[in-house]
């Protein structure tokens, strides 16, 4: 009699343990699929200064705070330095153009996920103000009245501390590590009613920080 009572009780206990294991596994899986509230991003890539026909490199850092399933607030810092020109020096044929530009860009922005796929591929758009601390240098001909005498070259430097607009389109996808994600982005910073003053194409690595 005792044996008959013991067998059903063991079966019920085993079923209860299996249910608890299943529930715990499901909870862990759901938590693993959620994004952390806080993410840190590093990036690097190429840049274009169409105003001066220059190209260069950029390096960026971002801190992302998730607000909802599709929205986040971002604080970004990007450094850009030109390394060459698409045009030769007009005043010295065959010589490299000596124009240059650089700057730090502080970019707070609001990001919204336009596309959010079950495969965890996301397409997002970010918009916000930008503060540039930098400048540019260029060489110009100041001989306006006697062109027959040849060019009279002078070097000019403009320093900038100005506020503009920042816009970015970003594609993000998962990696084998649930706390690491890859992304590529195309960003533009605009000043003086000209949106494409600087254009940046970057590859990014994003790390989850803290609790989900």
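Taken together, the values in this text are just the output of simple stated rules run on the coordinates, not laboratory data. Not measured: the values here are computed from a predicted model. Cβ coordinates were reconstructed from backbone atoms using ideal geometry, including for glycine residues, and neighbour counts include every protein chain displayed.
Assorted remarks:
- Fully extending the segment from residue 38 to residue 119 would add 27.0 nm, taking 0.36 nm per residue of separation and subtracting the current Cα-Cα distance.
- With R₀ fixed at 30 Å, the C-beta to C-beta distance from residue 182 to residue 160 puts the FRET efficiency at about 0.40.
- If you take the Cα centroid of the stretch 185-211 and the Cα centroid of the stretch 46-62, the two points sit 10 Å apart.
- Neighbour counting of Cβ atoms within 10 Å sorts the residues 119, 124, 85, 159, fewest neighbours leading, into 119, 159, 85, 124.
- Percent of Cα-Cα distances greater than 24 Å, calculated over the stretch 37-209: 44 percent
- Taking other Cβ atoms within 10 Å as a rough exposure proxy, 173, 197 sort from fewest to most as 173, 197.
- Ranked 71, 41, criterion: other C-beta atoms within 10 Å, fewest first: 71, 41
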